[in-house]
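Here's the structure we're looking at; comments come further down.
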Amino acid sequence: MACGHTVLMRLVASAYAVAQKAGMIVRRVIAEGDLGIVEKTCATDLQTKADRLVQMSICSSLARKFPKLTIIGEEDLPPEEVDQELIEDGQWEEILKQPCPSQYSAIKEEDLVVWVDPLDGTKEYTEGLLDNVTVLIGIAYEGKAIAGVINQPYYNYQNNENQKLREPKNEAKAGPDAVLGRTIWGVLGLGAFGFQLKEVPAGKHIITTTRSHSNQLVMDCVTAMNPDDVLRVGGAGNKHARLELVLFLPVPGCASLPVST
């Protein structure tokens, strides 16, 4: 594409396209019916076929376009040939229409680090709690997060309780007049995009926190804030996506790759 675009904006535009492909892979694995679940360190620390395929897709796609990047994936995968079907070489043109913040305009490819969580909320994914699942791509410069992309593969889905999601050809589908899935992106100093901001009801205090890593400190903090409502959800990416509505209370064991605003 046009050589006039900065490295950062080209990377974000490519990460957006790659994240959308990743969301399709996540949905396809469910539809095929074989999650390929393996335990990593314990029964609650899981890895699925979707984790593996998505990480290969994201890391390989970005490495081909940006060979000087440092790319770090969550999963420890052995080196292997990546199927061409997993490669995404497109980019989101709308992002390239946005101006790059001046402080990042001269960044070089080799100065950037990309962090990949291919399937945040893996445990929830295996339990069928699909709206908790996200794909996270974080971009860092000089040790600080400056941009990122969150894909929610099942945003807008309606789960038919009579449907067994893991059986072949059975897929979660979007509700009436809704598109299944969405991708949020952001760059520090530019803003966050891909969602509609919703205001918290006047006078209401809403907190979102972990559904699986709670402890006494978390419970005490929640109680001390005297919230009107507490949303206990899985996945750090899912919690960050809810920041348009609520306060995010992180705890140990809860990873974070935020889209900066």
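Pairing residues of region 27-39 that are open to solvent by 60 Å² or more (accessible area, probe 1.4 Å) with residues that are assigned to a loop (DSSP other than H, G, I, E, B) and not charged (D, E, K, R), at Cβ distances under 9 Å and at least 6 apart in sequence or on separate chains, gives Glu32/Pro168; Asp34/Pro168; Ile37/Thr48; Val38/Thr48. Taking the criterion of being in a strand (DSSP E or B), in contact with a strand residue (DSSP E or B) (Cβ under 6 Å, 6 or more places away or on another chain) and surrounded by 24 or more Cβ atoms within 10 Å (Cβ to Cβ), the residues of region 115-138 that qualify are Val116, Asp117, Asp120, Thr134, Val135, Leu136, Ile137.
Search region 52-82 for residues being modelled with pLDDT under 95, over 21 Å from Asn151 (Cα atoms) and open to solvent by 60 Å² or more (accessible area, probe 1.4 Å), and hand back the single one that is nearest to the chain's Cα centre (by Cα). Restricting to residues being modelled with pLDDT under 95, over 21 Å from Asn151 (Cα atoms) and open to solvent by 60 Å² or more (accessible area, probe 1.4 Å), the top hit is Asp76.
Looking across region 73-101, the residues that are of a type in the set (S, T, N, Q) and in contact (Cβ under 8 Å) with a residue 60 or more places away in the chain come down to Gln91, Gln98.
Working carefully through the options Glu85, Glu110, find the one that is outside any loop (DSSP other than H, G, I, E, B), open to solvent by 60 Å² or more (accessible area, probe 1.4 Å) and under 30 Å from Glu127 (Cα atoms).
Glu85
At least 2 residues being modelled with pLDDT of 85 or more is the threshold, and among the strands (runs of 3 or more DSSP E) wholly inside region 146-261 those reaching it are 182-187, 191-193.
Figure legend. Inter-residue proximity from region 48-72: first residues over 16 Å from Glu88 (Cβ atoms), second residues of a type in the set (S, T, N, Q) and open to solvent by 10 Å² or more (accessible area, probe 1.4 Å), beta-carbon distance below 9 Å, spacing 6+ or different chains. Indicated pairs: Thr48/Thr122; Thr48/Thr126; Asp51/Thr122.
The values are calculated or read from the model by the stated rules, or taken from the named source; none is laboratory data. On a predicted model such as this, the values are computed, not experimentally measured, just so you know. Neighbour counts are summed over all protein chains in view; Cβ atoms, including those assigned to glycine, are modelled from backbone coordinates with ideal geometry. All accessible areas refer to the heavy atoms of the entire protein, side chains included, with ligands and DNA or RNA removed. Shrake-Rupley method; radii C 1.70, N 1.55, O 1.52, S 1.80 Å.
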